[in-house]
Amino acid sequence: MDDDLTPIRRQYLEIKEKYPHALLFFRLGDFYETFDADAETASRELDIVLTSRNVAKGSRIPMAGIPYHAAETYIGRLIQRGYHVAVCDQVGEPINGLMPRRVTRVITPGTVVEPGMLSPTRNNYLACPVVQGRRIAVAFVDITTGEFRVTEFETDDAVHAVREELTRLGPAEVLLPEGADFYPEGPGARTAWPVWRFEAGRCEQALLHHFESASLEGFGLAKRSAAVCAAGVLLQYLQETQPAALEIIREIGTYSRSEFMILDPATRRGLELTETLRTGDEKGSLLGVLDLTVTPMGGRLLRQWILQPLLDLGKIHMRQAEVQAFFDAGLSRTAFRQSLHGLDDLERLANRIGSGNAVPRDLAALRDSISNLPKVAEAIDGLTIEKGQALRAPDLCADLLDLLHQALPDDPPATLSQTGVIRPLYSEELDRVVEGAREAREWIAGLETKEKSRTGIKTLRVGYNKIFGYYIEVSRGQVQSVPENYIRKQTLVNGERYITPEMKEYETRVLSAEEQIREIESRLFRDLCTRIGARRNLLLETARIIAELDCVSALAEVAGKHDYVRPEVVEEEVLDIREGRHPVVERFLSGERFVPNDLTLEEGEIIRVITGPNMSGKSTYLRQAALLCLMAQIGSFVPAHSAKVGLVDRIFTRIGAQDEIHAGQSTFMVEMVETANILHHATGRSLLIFDEVGRGTSTYDGVSIAWAMIEFIHNHPRLRARTLFATHYHELIRLASMLPGVRNYNVSVAEERGTVVFLHRIVPGGADRSYGIHVAQMAGMPRPTIARAKEILGELESGAGGGKIEMGQPAQLQLFADATPLMDELNALDLSSMTPLEALSKLFSWQKKYGSRS
Ligand code: ADP
Ligand code: MG
């Protein structure tokens, strides 16, 4: 390092060297400064001024800074754009004029704790996938809630399995070994970490050390080397970035993917479970419809429930029973939900307090939440909900509540930088200092009157400014009357300012008392947090129960409001839905009423092929079936007259190119990759939804692929899964006469005097017409175009022998066959020598010649 550098520059470079991948926020007085390339990035991303600073003789470097109190907002923005921020604070007293500084935490998307940077209703997961040959593990942690879990399983297709699991989680950040290629796409900001961090021994040590345990046996992790690595890497990463967060991670849970229905990314997207395809909004998704939860922890849990429907009948029935209890007791439900409004985010509060990140307002929020718990318990008193028992314990958290009432004022300041954090009478020591400060302040307040009468100077005034502190001001005409003990400090145009030693002494008392108060208060506050943190498990358990009850009562509320029924969920592979409705579409129809449809698979029926015109309701029917099964397995009631659902192990959906065009995923290749995945992974227990598969290619290819798929599903002994197949290829209707498990259905259409009405009703039989021209008309195509299209259609139909266009005689070919003379003329044109006007007149003549032929 250059010897000419200023000491502070040298300090900066030493620290920065350890955090090459993060933007270093370097505390300088009231600012966090960034330097060099970091400053350029910060200035660009945050739109702040780029200045420069002298660091050695004749050497200036770029610098950009933000006021320390606004750091949260700025850091939030950087994190959102995928940057990491290392926060370097001043610690202790200056040594030889240089403030010691240390990085106190590194903020990354997965390690954020600031409430302002988090979504209240989403978990903020940091995840780590590990691939060891066929064995895969995924570990994840949410340091705002303390949840830490890991799973390990075998697979042939690591890329697929990793993406599937991470899509379910939706992590904010994913840790990957440098150079890893097994997670090319999917949610979460990627952080590449050195490969040595993933070494088995190091990871095992990290786990054993953290949990102060001698063996991994007790965690269910013995011989699970992939899982140990994944979890160990997360602990190491937290050690580096947020050591305080380790404090709140008290346990690790393993989970098995076989506990939950697997939803691959395409299905999750296609069914619009948590966000819509088009806009990515929660509104318009299944979650948007079901999420009537009141508390943030309830909101987070419901999202988890929707993304991991249950496979265990017992658990499903238990949730159903709880929903039923709330469903039946409308009044209690309302009272309960009302009472939840009095609760803050208990889970995150408990963890912020436990990990030393809390501010005084957090404790007040905890106090208010705890004092509302009895009301919550009371509201469910009459209900038979076993879980509620825990809330009814009369002295639940009562000791904490007492403590908080005694220690905190009603409305404490937001941060520790202000005084008034602790209530009087809580600490004698504090009260003494506060009393001393009050006395001193009173003495100063009385000084003006006292001095006026002592000196007889009417214009005497006591004032305060930042430079001199307190002073006594006397106007020019009276200066001769000032007493001996006044010391002149400043001369003004029309007067003089003085101080007295006594006054300065009181001033010092006031100022030092404030310093002392802050010091004592923050000590008492930390102590309070430690005592509450010790009861963290109780608080978390309470939060967990409330979250669950919040979810089931929300599901009951939806069911009550929108006329849902309790589905019968059974082991057998049945599907019998009477008058089912699409939970989202039925809510967003304007004017029209939603037409309910049955979906009763008969004995022996495996595949239902649904034909019908565009816009008639095929896609809606398909998705409705999938959503109802899914809802049944999260324990929810369903929009139907009645429903019997056999457990589904996975829902697979393949939604045609056109329907997904907005997601920018319209290539035929994507479609085929996903279809292949379904055919490889589905089981007899799965539910398969195919919507217009093959649309992304030519008609021949499309029909052939669809045809072969249906045969495959129908005949493969592993598959024979419940399948719904919507298509506009009428050719597929023929399959029903060849394969016993295939049935045809279509969407009924009413025709009246040339206009067509879609009835949205699914009825047995194949459709015979496609009504595409009708849809074009609805879409507002110019009238002459519609008329002309009708003519052409009539011609084609009669040309093809009346009725359907058979395979082998596709419409396009016919059109071109008819148009051969036109093609010849077209080919004969020399475009390079034509003027636009000539071209136009040529078109005009063609229109006359060919345009009105029939
Ligand atoms: P398709 O897949 O056949 O092209 P969609 O399922 O996309 O048709 O439905 C088109 C529109 O028709 C939907 O957006 C909705 O407005 C309406 N629709 C569909 N099903 C129903 C129904 N059962 N009742 C009322 N309206 C429906
Ligand atoms: Mg459709």
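The values are calculated or read from the model by the stated rules, or taken from the named source; none is laboratory data. Quick caveat, the model's predicted, so the values are computed rather than measured. In this analysis, Cβ positions are derived from the backbone assuming ideal geometry, glycine residues included, and neighbour counts consider all displayed protein chains. Keep in mind that these areas ignore ligands, DNA and RNA; they rest on the heavy atoms of the full protein, side chains included. Shrake-Rupley method; radii C 1.70, N 1.55, O 1.52, S 1.80 Å.
Report the local net charge at residue 320: Lys and Arg +1, Asp and Glu -1, summed over other residues whose C-beta lies under 10 Å from its C-beta. Cβ neighbours under 10 Å give a net charge of +1.
Comparing 369, 453, 493 along the charge dipole axis of segment 347-505, the residue lying farthest to the positive side is 493, per the Cβ-charge model. As a rough guide to protection, the peptides 140-149, 69-78, 445-454 ranked by mean Cβ packing within 10 Å, highest first, stand as 140-149, 69-78, 445-454.
Highest first, please rank the peptides 781-788, 152-159, 172-179, 587-594 by the mean number of other Cβ atoms sitting within 10 Å of their residues. All intermediate terms of the calculation are to be shown ahead of the outcome.
Details: 781-788: 11.8, 152-159: 15.8, 172-179: 19.9, 587-594: 9.6.
Sorting 781-788, 152-159, 172-179, 587-594 by mean packing, highest first, produces 172-179, 152-159, 781-788, 587-594.
For the pair segment 29-67 and segment 683-734, the centres of their Cα atoms are 61 angstrom apart. Taken about its Cα centre, the chain carries a charge dipole of about 1400 debye when Lys and Arg each add +1 at the Cβ and Asp and Glu each add -1 at the Cβ.
Checking the a/c ratio against 1.5 first, then a/b against b/c, what shape does the Cα gyration tensor give for segment 235-373? Let's see the in-between values first.
Details: a/c = 1.68, a/b = 1.17, b/c = 1.44.
Since a/c reaches 1.5 but b/c is at least a/b, the shape of segment 235-373 is classed as oblate.
Proximity of backbone amide H atoms, modeled 1.01 Å from N, is registered between residue 190 and 174 at under 5 Å, excluding neighbours fewer than 5 places apart on the same chain.
What does DSSP give for the chain in terms of the percent of beta bridges that are antiparallel, rounded to the nearest 5?
In the chain, approximately 65 percent of DSSP beta bridges are antiparallel ones.
Less than 5 angstrom separates the built amide H of residue 469 from none of the residues sequence-distant by 5 or more or on a different chain. Note on surface exposure: 195, 294, 162 rank 195, 294, 162 by accessible area, highest first, 1.4 Å probe. Residues whose amide H falls under 5 Å from that of residue 654, counting only those 5 or more places apart or on a different chain, are 689, 690, 691, with hydrogens built in the peptide plane.
Here segment 249-349 has 49 percent of its accessible surface on carbon and sulfur atoms, given a 1.4 Å probe and all protein chains in place.
Across segment 449-458, computed HN-Hα scalar couplings (Karplus, 6.51 cos²θ - 1.76 cosθ + 1.60, θ = phi - 60°) run 4, 4, 5, 4, 6, 5, 8, x, 8, 6 Hz from first to last residue, x flagging Gly and Pro. Per residue, the chain exposes an accessible area of 47 Å² to a 1.4 Å probe, with every protein chain left in place.
Applying a threshold of 30 Å to the alpha-carbon distances of 16/223; 223/387; 790/849; 18/57; 283/790 flags 16/223; 223/387; 283/790 as lying beyond it. Counting only protein heavy atoms and a probe of 1.4 Å, the accessible surface of segment 96-213 is 48% carbon and sulfur. For the peptides 572-581, 623-632, the ranking by packing is 623-632, 572-581, with the highest mean count of neighbouring Cβ atoms within 10 Å listed first. Projected label points at residue 672 and residue 828, each 7 Å from Cα along the beta carbon direction, are separated by 4.1 nanometres.
What separates the Cα centres of segment 337-380 and segment 482-533 is a distance of 37 Å. With both labels modelled 7 Å from their Cα along Cα-to-Cβ, the residue 57 to residue 841 distance reads 8.6 nm. Looking only at segment 689-730, which residues have a backbone nitrogen under 18 Å from a spot 7 Å from the Cα of residue 602 in the C-beta direction? Label zone hits: 722-725.
Using a 1.4 Å probe over the heavy atoms of the protein chains, calculate the carbon and sulfur portion of the accessible area of segment 415-480 as a whole percent. Before the final figure, lay out each step's value.
On the way: 2230 of 4080 Å².
Of the solvent-accessible surface of segment 415-480, carbon and sulfur hold 55 percent.
Phi-derived couplings, Karplus 6.51 cos²θ - 1.76 cosθ + 1.60 at θ = phi - 60°, listed residue by residue for segment 731-745: 4, 5, 4, 5, 4, 4, 7, 9, 10, x, x, 9, 10, 9, 9 Hz, with x used for Gly and Pro.
Shape class of the chain from the alpha-carbon gyration tensor: prolate, with a/c at 1.5 or above and a/b greater than b/c. A dipole drawn for the chain from +1 and -1 charges on Cβ atoms has a positive end, and of 273, 148, 108 the residue lying farthest that way is 108. Across segment 373-381, computed HN-Hα scalar couplings (Karplus, 6.51 cos²θ - 1.76 cosθ + 1.60, θ = phi - 60°) run 4, x, 4, 4, 5, 4, 4, 9, 4 Hz from first to last residue, x flagging Gly and Pro. Shape of segment 1-119 from its Cα gyration tensor (a ≥ b ≥ c, root eigenvalues): rounded if a/c is under 1.5, otherwise prolate when a/b > b/c, or oblate? Verdict is prolate for segment 1-119. The helix-only estimate of mean residue ellipticity at 222 nm for the chain, built from DSSP H runs of length n ≥ 4 each weighted as -39500 (n - 2.57), is -13500 deg cm²/dmol after division by the residue total.
Considering the zone a paramagnetic label at residue 795 would reach in this model (a point 7 Å from Cα along the Cα-to-Cβ line), which residues of segment 822-852 have amide N under 17 Å from it? Taking a point 7 Å out along Cα→Cβ of residue 795, the residues of segment 822-852 whose backbone N falls under 17 Å are 822-826, 844-852. Positive-end ranking of 577, 596, 23 along the dipole of the chain, with charges on Cβ about the Cα centre, is headed by 23.
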